[in-house]
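Derivation of every value follows stated rules applied to the coordinates shown; laboratory data play no part. Since this is a predicted model, take the numbers as computed values, not measurements. Glycine gets a Cβ as well: all are built from the backbone with ideal geometry, and neighbour counts include every protein chain shown.
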Amino acid sequence: MTHNPDLGALFGAAGTSTFLGLEACTDLSALTAPIALIGAPCATPYRAVGAYCRNAPDALRQATAALTANIDRYDFDSGGPVFPDAGRRAVDCGNLPFDEADAAGNREAIRQAVARVVARGAVPVLLGGDDSIPIPMIQALGEAPGNKRYTILQIDAHIDWRDKHMDERLGLSSTMRRASEMPHIERIVQVGARGIGSAAAEDYEAARAWGVTFVPARQLHREGVEAALAAIPQGSEIIICIDADALDPSIVPGVIARSFGGLSYDQTVDLIRGAAQRGRIAAMDFVEFMPERDIDGMGALAVARVITTALGVLARQAD
């Protein structure tokens with residue numbers, strides 16, 4: 001065989017420009033779906049690397065192409081179809097525009113998009129892009145009516161508590177530090193840290209002093225996901241931030257900083273399911289997938305599968 005066969009055709013699938021072949025919704029003011037996927041290729045890039053995850057949203061969409069004909073089939077990871085009824089289906093709102101030279105403009109585009117989705121009563125699910133994207137997403141939730149306070153469940157190999165890097169305070173190494181400074185964030189649970197990251201000892205100590213609950217990867221492997229979920233009070237409003245490098249590189253090689261000892265697919269989705277049982281998931285982001293470092297599309301498929309299962313969880317939670 002001299003070419004790669006289209007295996008999706010075996011299942012009746014066709015090409016897609018949206019995640020799972022979902023309906024597109026390019027006008028957020030007309031949004032009626034309960035879940036909105038938004039591609040955010042870039043927020044605040046460091047000068048040294050630029051928008052290095054810019055191609056991730058489209059790569060993740062393409063990874064679902066083979067499943068587009070089967071979206072209504074029984075999904076064993078969801079205990080039924082991903083979307084239990086047509087009224088609970090997500091929509092794909094496409095990619096936000098970005099400019100590597102205009103980080104402030106990128107952040108404002110993300111903040112406004114999330115604010116519009118929340119105003120329509122929907123859950124925003126951001127497909128990144130680098131890990132600075134959650135900062136304006138989290139900011140937008142604090143500006144919504146209701147004065148809600150939130151618990152962040154961060155699933156990541158790194159803790160992202162640097163105050164500044166390369167003279168930038170809003171970059172990917174500072175995401176949780178900036179979140180901790182927002183008055184509507186009352187709790188942060190960080191899961192999956194391992195190896196040598198960008199954080200200095202004083203960054204870790206600052207996080208502990210603030211009150212972060214850390215569940216490193218080794219602890220999670222020993223004690224199970226309940227070690228993290230127990231830190232989330234019942235009835236919480238929850239923001240879930242997932243960095244692709246939280247998963248082991250044997251599953252997701254397409255990341256900038258591969259680190260062995262990471263989470264499995266089941267551990268990752270069990271954290272999402274468990275969080276939904278503790279409270280309401282108000283927003284999610286999936287960042288730091290780098291398709292140029294992937295191997296045969298394996299990582300894209302794994303991350304897309306986590307997203308798909310997360311959509312099934314969101315479709316089953318109460319409004």
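Computed values, structure above
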item: Rounded FRET efficiency, nearest 0.05, which uses the C-beta distance separating residue 198 from residue 223 and R0 of 22 Å; result: 0.30
item: Positive dipole terminus of the chain, leading residue within 74, 28, 144 (C-beta point charges); result: 144
item: Most to least packed among 131-143, 186-198 [average Cβ atoms within 10 Å]; result: 131-143, 186-198
item: Test item: Cα-centred dipole of the chain, Lys/Arg +1 and Asp/Glu -1 on Cβ, debye; result: 620
item: Where a label projected 7 Å from the Cα of residue 85 along Cα→Cβ would reach, residues of segment 29-65 with amide N under 16 Å; result: 33-35
item: Residues 289, 260, 83 arranged by fewest to most Cβ contacts within 10 Å; result: 260, 83, 289
item: Equivalent-ellipsoid semi-axes of segment 7-316, from the Cα gyration tensor, Å, largest first; result: 27, 21, 21
item: Förster-model FRET efficiency, 45 Å R0, residue 164 and residue 76, C-beta, rounded to 0.05; result: 0.50
item: Scaled radius of gyration (Cα, divided by 2.2 N^0.38 Å) that segment 112-232 gives; result: 1.08
item: Spin-label zone in segment 64-98 - amide nitrogen under 13 Å from a point set 7 Å from the Cα of residue 27 along the C-beta vector; result: none
item: Segment 1-156: Rg to Rh, with Rh as the Kirkwood radius over Cα pairs; result: 1.01
item: Packing rank of 112-122, 27-37, 153-163, where each peptide gets the mean count of other beta carbons within 10 Å, highest leading; result: 153-163, 112-122, 27-37
item: Value of [θ]222 nm, deg cm²/dmol, for the chain, DSSP H segments ≥ 4, -39500 (n - 2.57) each, nearest 500; result: -9000 deg cm²/dmol
item: Likely footprinting exposure, 259, 174, fewest C-beta neighbours within 10 Å first; result: 259, 174
item: FRET efficiency, 1/(1 + (r/R0)^6) with R0 25 Å, evaluated for residue 257 and residue 208 via beta carbons; result: 0.65
item: Residues with amide H under 5 Å from that of residue 263, placed H, sequence gap 5 or more; result: 247, 248
